[in-house]
Amino acid sequence: MTKEGSLCTVTPNGGGKDDAISIMDAFKQCGKNGQIEITEGDFTIAKVMDYLNLENCDISIKGKLTWSTDMNYWKGACMGVTYAQRCTAFRLGGTNFNVRGHGKALFHGNGQTWIDANRNGSNMQGRPINFTLWKAKNVLVDGITWRQSQFWHTFVAHSENITMTNLDMNTTSNSQWNTVNTDGTDTWNTKGVTIKNWVVTCGDDCISMKGNSSDVYVKNVTCYESGAMVIGSLGNPASTPDYVENVVFEDITAIHSSNAAWIKTYPGTGYVRNITFRNINFQDVNQPIYVTPCIYTWQNCDSSRLKISDVTWENITGTSRYNVGAGLYCSRNIPCTGFKFKNIDIKPKNGGSIKYLCSNINSDNGLGCTGTCPAGWKQQLSGNA
């Protein structure tokens, strides 16, 4: 790392030597009222990177950052991010900073190592989120590519006024094990997020709004092999209320995904309100529209006190894998209200008629429900209903 005035420039050590120390040095010396240039070249990241005091800083990344496969190190050093006992390998925070990749930056997590070790499990202890914004305000992240992320690609927590544009994420497996829980991004305790122009291939939620996320706008995202656009999971533990409101997803494409536009909660407390899914197009999606108050356990569905209201699905078109276009079950104790459906055109990919199953929602929703949805209706179908 070299410093000239307020500019810190980091070049790779080469030979597989750790570059994390040099990058951290640049954050410390030029992270306030400065510029950081991570040049083209191959960088090895063998240690956690954590800097939360950025201020009026422009970070330019043009190189390839590859995280090491030393699982013992990462499991011990991975920085906790509170949510569901998860942790991260790289965390930035502060105010008024940009992270620009110029379409050249590549973050490679060596995720196959973690996929194979995880063996289709869900939340392997110490498995790191690749990149986290933490207590960040007024931030732009632009033009970065992710490949083979260790766990979630990105996480945004305790933050405000975040813009993330022109991002490309792809984690796939070349072994018998699946890319479980390799979300594109998740927000939590965050207000004011703009996401535009993403392409994501992952093994779980593409874009997910978790507890206490508000004022979120998502536009022009293409998701492959994923859960696509998600509110949730919320409501766990039930003693801690979760609130999500004022979220718009529009101009979304989902290809061969599990779901397309959906809301998942545990039997908890809080609310979800003022959500819009607009212009969602999909191909070969298992269950495009889905709402549940009892995700994963499918028990105690009617005990939930987490109110879901004022949700609009508009211009939702495409093919479902089976004959269910929507499975909507709301808690009997606190039914869903203000659901609106406009221009819904879902066809089973193998022909036949579509089913829209609804329970405990307002009857003037416009969907044309064809039957009731049983309590504990599962997220994934294995055949026609």
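Only one of the numbered conditions (1) among the polar types (S, T, N, Q); (2) surrounded by fewer than 24 Cβ atoms within 10 Å (Cβ to Cβ); (3) under 24 Å from N197 (Cβ atoms) is violated by N286, and that is (3). Only a single criterion out of (1) within 23 Å of the chain's Cα centre (by Cα); (2) at negative phi; (3) aromatic (F, W, Y) is not satisfied by W298, namely (2).
A residue that is among the charged types (D, E, K, R), assigned to a strand (DSSP E or B), at pLDDT 95 or above and surrounded by 16 or more Cβ atoms within 10 Å (Cβ to Cβ) can be found somewhere in the range 62-77. Screening W298 on (1) within 28 Å of S122 (Cα to Cα); (2) among the hydrophobic types (A, V, I, L, M, F, W, C); (3) surrounded by 18 or more Cβ atoms within 10 Å (Cβ to Cβ) shows it passes everything except condition (3).
Of all residue pairs spaced 6 or more apart or on separate chains, those with beta-carbon atoms under 7 Å, a first member in the range 359-385 that is closer than 22 Å to P348 by Cα and a second member that is exposed (fewer than 15 other Cβ atoms within 10 Å of the Cβ) are S359/T372; G366/K342.
Residues of the range 84-98 that are farther than 24 Å from T179 by Cβ and surrounded by fewer than 23 Cβ atoms within 10 Å (Cβ to Cβ): G93, G94, T95, N96, N98.
Of the residues examined, D19 is one that is charged (D, E, K, R) and crowded, with 20+ Cβ neighbours inside 10 Å.
Taken as a whole, the condition of being under 23 Å from A375 (Cβ atoms), within 18 Å of the chain's Cα centre (by Cα) and either among the β-branched types (V, I, T) or modelled with pLDDT of 95 or more (or both) applies to D242. Scanning the range 309-344 for residues that are in contact with a strand residue (DSSP E or B) (Cβ under 7 Å, 6 or more places away or on another chain) and small (G, A, S) returns S309, G318, S320, G325, A326, G327, G338.
Consider the range 212-239 and keep the residues that are under 20 Å from W188 (Cα atoms) and among the charged types (D, E, K, R). The one that is nearest to the chain's Cα centre (by Cα) is K219.
Residues that are farther than 15 Å from I23 by Cβ and in contact (Cβ under 8 Å) with a residue 40 or more places away in the chain within the range 59-78 comprise T69, M71, W74, K75, G76, C78, listed in sequence order.
Just one residue in the set T172, T145, T113, T179 is over 29 Å from D242 (Cα atoms) and touching a helix residue (DSSP H, G or I) at 6+ places or on another chain (Cβ under 8 Å); that residue is T113. Please determine, by comparing only the residues of the range 324-364 that are touching a Lys or Arg at 6+ places or on another chain (Cβ under 6 Å) and buried (at least 20 other Cβ atoms within 10 Å of the Cβ), which one is farthest from N300 (Cα to Cα). That would be V324. Among the residues of the range 116-161, those identified as over 19 Å from H102 (Cβ atoms), small (G, A, S) and over 16 Å from the mean Cα position of the chain (by Cα) are A117, G121, G126, A136.
Scanning the range 246-266 for residues that are crowded, with 20+ Cβ neighbours inside 10 Å and more than 17 Å from A84 (Cβ to Cβ) yields V247, F249, I252, A254, S257, S258, N259, A260, A261, W262, I263. Among the residues of the range 301-317, those that are in contact with a Pro (Cβ under 8 Å, 6 or more places away or on another chain) and surrounded by 21 or more Cβ atoms within 10 Å (Cβ to Cβ) comprise C301, S304, L306, I308, I316. Taken across the range 40-47, residues that are under 17 Å from L92 (Cβ atoms), under 28 Å from the mean Cα position of the chain (by Cα) and in a strand (DSSP E or B) do occur, with at least one present. Scanning the range 115-130 for residues that are surrounded by fewer than 17 Cβ atoms within 10 Å (Cβ to Cβ) and either aromatic (F, W, Y) or not in a loop (DSSP other than H, G, I, E, B) (or both) yields D116, A117.
The values are calculated or read from the model by the stated rules, or taken from the named source; none is laboratory data. Fair warning: this is a prediction, and the values are worked out from it, not measured in the lab. Note that each Cβ is placed from the backbone with ideal geometry, even for glycine, and that neighbours are counted across all protein chains shown.
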